[in-house]
Structures are given as C-alpha cells and as structure tokens.
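Data first, discussion second: the structure below is written as structure tokens.
No lab work stands behind these numbers, since they all come straight from the coordinates. The structure displayed is predicted, hence computed values, not measured ones. FYI the Cβ positions are ideal-geometry reconstructions off the backbone, even for glycines, and counts take in every protein chain you see.
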Amino acid sequence: MNILEFIKKSPKTELHLHIEGTLEPEQMFTLAKRNNIEIPFKNINDVKKAYNFSNLESFLKIYYEGAKVLIKEQDFFDLTWAYALKCKEDNIVHAEIFFDPQTHTDRGINFDIVINGIYKALQKAEKEFGLSFKIIMCFLRHLDEESGFKILDQAFVHKDKIYGVGLDSSEAGNPPSKFEKLFKKAAENNFITVAHAGEEGPPEYIWEALNLLNVKRIDHGVQCLKDEKLVEELSKSQIPLTVCPLSNIKLQVFNKLENHNLWKMLDKKLMVTVNSDDPAYFGGYLNKNLIEVQAALNLSKDEVKTLLVNSFKSSFLSEEKKKEWISKILSINSLLSI
Ligand code: HPA
Ligand code: ZN
C-alpha cells in the first residue's frame, strides 16, 4: 500500500469545516432556482471564475452572497446531506462542523430552521453509515458582541444539538478580546470553546484566544511560528491547531503549497491537523487537502500518520472512541510497507 492509498483508506476526522462552505456551485444554482433567489452569476463557469480570492475578506464577500440561497429547512438539510456523502466518499468517520447562524438570522431566517436542517441530515448520516458528529456554532467576529449574545440566547434551547461555540469571519481588526464576555457566558453554559486565530491575524490573537476565550482548539493558527514563546506554549500544552492547506493557498496566506509551514509545525511537535475549511470554494475536500499537501511538502508516511492520529486526538470524541479509531489507523499503516 502506498501513501496515497493509506490516505484514502484510513478512517479520518474533520475538525474545521464550515457547512456553508460546502455549497457547490451546482447546488447554489439549484437552490437559487427552487427559492426564486437572484444570484450575481449567469452560469456555473461564472461562479468558478469568481472564486479567485486575494485574501480572507474577498472570499467572505462571495461566501455570504452564496449563503443567500439557503432559505428553508430542506435547503439546510440538502446542503448538509451532500457534505455527509462526501464524508462517506473520503472515509471521514467523524466530523465536527461549524455553522454561522447570524449569516442566516440577519436575513430573516429562523434559527430553528437552520439548526434543524443541519442536525436532521447529520442524524440520518449517523444512522445510515455511522458518521458521528458534533455541531459548533460560530459567532461572526465582524459583528458586535451584543449580536453574539442574542444568538447565544437562541442556542440555549438547542443545547442538545450544539456542542460548542467558535469564532469566524473577518479576523483583521476583530481580536478575540472583543468577545471575552460572550465566551465566558457560553462556557458557563457548558459549551466548549474554539476560535479562528492566526489565519491572517497576528500571534497576539492566538494568545488572546488561549488566555481570554479559554479555547480547546485554535482554528488555523498558522501565524504562530512568528512568535517563539507561543510555539513553546503550544508545544507544551498540545492545544490542537486545525490547519487548512488548500484554504491557505486560495486566500493567499502562503503563495504556494510548497511554501506552507505545516512541515515546520510538525517538526516543532505541535498538535497539527489537516482540514478542508470551505471545500466548495477552495478546491478540495479532506482527502485532496491531505494528498496535495503530502506531495507538495514531501511528507513522510510517518508524518501523514501523525496528522491523521492527531485529528482523532484533537477531536471531542470520547477517549474510548479515539483509541478505537487510532488503532484502526495504525493497523492500516502497518500494511504500508507491503
Ligand atoms: N476564516 C474565517 N471565517 C471563515 C472562514 C475562514 O477560513 N471560512 C468561513 N468563514
Ligand atoms: Zn474556517
């Protein structure tokens, strides 16, 4: 078995995936038609041409535009079900999925419609092919904390479906400290906390996410290498970093995959994982991220194994489940040299 087969056959978990970012152009057109929504694209080629981003901000503009076709519970169900089928294809056995309720409630869509559509599709996937999952609700950091409190209030009745809270959207100028009180309230109400930090923003934002928001994971975190003390801290604490290689190239965080710093993070023994972020916009789901980054950085089979094992270790699965999946990876890995 070669590395490519190992990546495809190994059970995997995805820890950084925005469900709105799985909206494929074809589905965008289907839903636009079904809901009678105007979109600023004439055809699918037109959409694909627009996916040329210069940074996070230029992507978010199109991403929020695309989300406008999601109106009914069935739309959120169909979107999530399509992603669940991708999980099956990529052999992802556990997914921890972000959703952005404010993107929808600010357009007049009811919170219940959003969460119920997503949850029902994931339940069906769990029942039909054993995909386990957690749902993480992200606050949009370009909005104010007050808006975050309002959405948190609405999440309480869905505590059985929502495992944790996160922080996403425009990073520059919106530091984690802006949401310290909000995250405190979420934690007091037993939501685990994660946050995007150090995607484009400075190491200081990663420190704030750790110290002020008490996060269990940092989403992205690739800017951490600019701060030696931070690297030391991340290495000691083994706080996971959910790195998204294809996203980082599409948003020009690195100019090409060969220059990605993932290998350095591995070298420094950080708890790094590979994820797909917004695969419909960034050109690939989890396997493609792993396959391309392995090739570009010439990662060894041991490094690939570490990445896959790290993802299970970094997940919110029970210790028992983590052990079970990791031993499966190791037994497949032992066939690698054959
Ligand atoms: N960063 C910040 N916000 C986001 C992202 C991202 O990569 N994807 C969707 N919302
Ligand atoms: Zn993200």
Point to revise | The listed residue being more than 12 Å from ligand 1 (Cβ to nearest atom) and buried (at least 24 other Cβ atoms within 10 Å of the Cβ), out of Ala209, Ala296 | key: Ala209
**Study point:** Selection from region 24-71 of residues that are in contact (Cβ under 8 Å) with a residue 40 or more places away in the chain, among the charged types (D, E, K, R) and within 16 Å of ligand 1 (Cβ to nearest atom)
**Key:** Glu24, Glu57
Review point. Does Asp227 satisfy being touching a His at 6+ places or on another chain (Cβ under 8 Å), charged (D, E, K, R) and within 26 Å of Asn55 (Cα to Cα)?
Key: no
Check your understanding: Just for region 328-338: of the residues that are part of a loop (DSSP other than H, G, I, E, B) and of a type in the set (S, T, N, Q), which one is surrounded by the most Cβ atoms within 10 Å (Cβ to Cβ)?
Key -> Ser334
Exercise for review: Kindly list the number of the only condition in (1) touching a residue at least 60 places away in the same chain (Cβ under 8 Å); (2) over 16 Å from Phe59 (Cα atoms); (3) acidic (Asp, Glu) that fails for Glu5.
Suggested key: (1)
**Study point:** Test: residue in region 190-206 that is farther than 24 Å from Thr103 by Cα and crowded, with 19+ Cβ neighbours inside 10 Å
**Key:** yes
Practice item. Give region 60-95 a look and list any residue that's surrounded by fewer than 19 Cβ atoms within 10 Å (Cβ to Cβ) and closer than 25 Å to Lys313 by Cα, or say none. Key: Leu85, Lys88, Glu89, Asn91
Review point. Which residue, of Glu96, Glu128, Glu146, is acidic (Asp, Glu), on the phi < 0 side of the Ramachandran plot and within 16 Å of ligand 1 (Cβ to nearest atom)?
Key: Glu96
**Study point:** Filter result (touching an Asp or Glu at 6+ places or on another chain (Cβ under 7 Å) and more than 23 Å from Leu241 (Cβ to Cβ)) within region 83-137
**Key:** Thr103, Ile113, Asn116, Gly117
Review point. Does Phe183 fit the bill of being more than 16 Å from ligand 2 (Cβ to nearest atom) and crowded, with 24+ Cβ neighbours inside 10 Å?
Key: yes
Check your understanding: Hey, among Leu246, Leu234, which residue is under 21 Å from Glu171 (Cβ atoms), crowded, with 22+ Cβ neighbours inside 10 Å and away from ligand 1 (no atom under 16 Å from the Cβ)?
Key -> Leu234
Revision key, fill the gap. Exactly one of Ile151, Ile136 is of a type in the set (Val, Ile, Thr) and out of contact with any helix residue (DSSP H, G or I) (no Cβ under 8 Å at 6 or more places or on another chain), and that one is Ile136
